[in-house]
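Asks: Okay, here's the structure, questions in a sec.
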Amino acid sequence: MVYTKDHPPIPDSDELRARIPGWGADLDPKDRPAFPKFDTSPTGAHWDFPERQVEKWPRERSIEHAFLTPVFGTSSPPRGLSGVIRKYAYRRFSEGRAAHWLLLIGADRVDAIESHLASFATLRPDNPITETGIKSELTHRPWVLAGALLVKAGRRATRRR
């Protein structure tokens, strides 16, 4: 009925404010729940734009942005094949494209494999039985093992036919 020429009359602001609790909270700034947050009194900040963090290596940055944020993480620099994939995703695709995010997910998987392979060069390599959760699946969820055995038995039965 709203999209026809004879839709109901539009109520005025006073009527809506009386009928709907909280309606029009954005009309008067003092009625807004976050009003003190938008206070424009002097903050004491001595800068218009913060000092930039030093870039020790070329960081990945989206093609939508002209420059990096003033502060950014440096805990895991891109390395190996996963770093190449990440750099390609940021250099080639916009953040609005699925290819960008799929490449980043793929780079995470490649990084996990690279880290697992690198652990064999250490004194304490990864233990795939305990670290992947296979042992806990067998002890805490035996139905997963039972399901796997059931699937295997079903395949054998279909092959015999």
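The values are calculated or read from the model by the stated rules, or taken from the named source; none is laboratory data. Since we're looking at a predicted model, the values are computed, not measured. So basically every Cβ, Gly included, is an ideal-geometry build from the backbone, and we count neighbours across all protein chains shown. These area figures cover heavy atoms from the full protein model, side chains too; ligands, DNA and RNA do not enter into them. Shrake-Rupley method; radii C 1.70, N 1.55, O 1.52, S 1.80 Å.
Asks: First select every other residue whose beta carbon is under 15 angstrom from the beta carbon of His100; then total the charges, Lys and Arg +1, Asp and Glu -1.
Replies: +2
Asks: Starting from the Kirkwood Rh over alpha-carbon pairs, what translational D in µm² s⁻¹ does the range 41-161 have by Stokes-Einstein at 37 °C and 0.692 mPa s?
Replies: Rounded to a whole number, D works out at 169 µm²/s.
Asks: Let me ask you something else. When the solvent-accessible surface of protein heavy atoms is calculated with a 1.4 angstrom probe, in what order do Arg159, Arg109 fall, highest first?
Replies: These residues rank, largest area first, as Arg159, Arg109.
Asks: Please compute the net charge surrounding Glu64, taking Lys and Arg as +1 and Asp and Glu as -1 over other residues with Cβ under 14 Å from its Cβ.
Replies: The answer is +2.
Asks: Just in the range 43-98: which trypsin sites (Lys or Arg not before Pro) are loop by DSSP and have at most 14 other Cβ atoms within 10 Å?
Replies: Qualifying residues, ordered by number: Arg52, Lys56, Arg79, Arg97.
Asks: Further question on the same structure: Skip the ligands, DNA and RNA, and give the accessible area per residue of the range 75-144 with a 1.4 Å probe, whole Å².
Replies: On a per-residue basis, 76 Å².
Asks: Please report, as a whole percent, how much of the solvent-accessible surface of the range 33-161 comes from carbon and sulfur atoms (probe radius 1.4 Å).
Replies: Roughly 61 percent, rounded to a whole number.
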